[in-house]
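Colleague: Got a structure for you, questions after.
Just so it is clear, none of the values below were taken in a lab; they were calculated from the coordinates. Owing to the predicted nature of the structure, the values given are computational and were not obtained by experimental measurement. FYI the Cβ positions are ideal-geometry reconstructions off the backbone, even for glycines, and counts take in every protein chain you see.
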Amino acid sequence: MAKVLVTGMSGTGKSACLELLSLRGYQTIDTDTDEWSIWSKQSDGSPDWIWREDAISSLLDEYQYGQLFVAGCKTNQGKFYPRFDHVVLLSAPAEIILERVTNRLTNPYGKSEEERRDMLRYLSEVEPQLRATATMEIDATAPLIDVVDQLQRLA
């Protein structure tokens with residue numbers, strides 16, 4: 001019964017992976033919803049979309065059936081790393097990420113120039129931190145089915 005966190009920058013395919021894993025019968029949770037995340041303020045006053053720590057704690061405490069795949073990229077997720085069996089970073093080059101967010105229809109994030117600048121800054125500042133704490137990294141430029149097969153082998 002493995003609990004796997006799938007993390008990475010916007011546009012690396014976290015939601016697409018969860019969708020396919022769900023179709024394969026796995027329990028999946030995408031934390032980019034109001035059920036799992038809430039807006040907060042960082043120490044500098046800037047907005048931050050963080051995990052609802054009580055909700056994530058309850059999920060991890062109560063989950064007992066088979067494998068669980070959770071996706072997200074939040075500033076407070078590191079608090080929960082010890083509660084996951086695997087922390088998997090999905091990564092891709094900036095040009096691929098920007099192309100994906102431009103073309104996706106399921107999420108409006110990344111369409112504005114300001115958001116795209118933020119994404120490039122996150123790639124240089126946040127992704128190295130994720131890489132340093134992940135237990136595994138998957139090249140998300142591979143075909144989606146190959147990425148999902150790698151995730152499934154962790155379960």
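Colleague: Need one word for region 66-127: rounded, prolate or oblate. Basis is the Cα gyration tensor (sqrt eigenvalues a ≥ b ≥ c); a/c below 1.5 gives rounded, then a/b vs b/c decides.
Modeller: Because a/c hits 1.5 or more and a/b exceeds b/c, region 66-127 counts as prolate.
Colleague: Highest mean first, what order results for 32-38, 69-75, 43-49 on Cβ atoms within 10 Å?
Modeller: With the highest mean Cβ count within 10 Å placed first, the list reads 69-75, 32-38, 43-49.
Colleague: Name the long-range amide H neighbours of residue 30: under 5 Å, sequence gap of 5 or more, or other chain; modelled H, no Pro or chain starts.
Modeller: Amide H neighbours of residue 30: 71.
Colleague: Given springs between every Cα pair under 10 Å in a Gaussian network model of the chain, which of 140, 94, 55 has the largest fluctuation?
Modeller: Residue with maximal mean-square fluctuation among 140, 94, 55: 55.
Colleague: Quick one: which residues, 5+ away or cross-chain, put their amide H under 5 Å from the amide H of residue 37? H built at 1.01 Å from N.
Modeller: For residue 37, whose amide H was placed from the backbone, the distant partners under 5 Å are 52.
Colleague: Further question: Which of 127, 113, 19 moves the most in a Gaussian network model of the chain with Cα springs under 10 Å?
Modeller: So, out of 127, 113, 19, the one fluctuating most is 113.
Colleague: Normalised by the number of residues in the chain, what is the relative contact order in percent for Cα pairs under 8 Å and 6+ residues apart?
Modeller: 35 percent
Colleague: Counting DSSP beta bridges with both partners in region 1-153, what percentage is antiparallel, nearest 5?
Modeller: 25 percent
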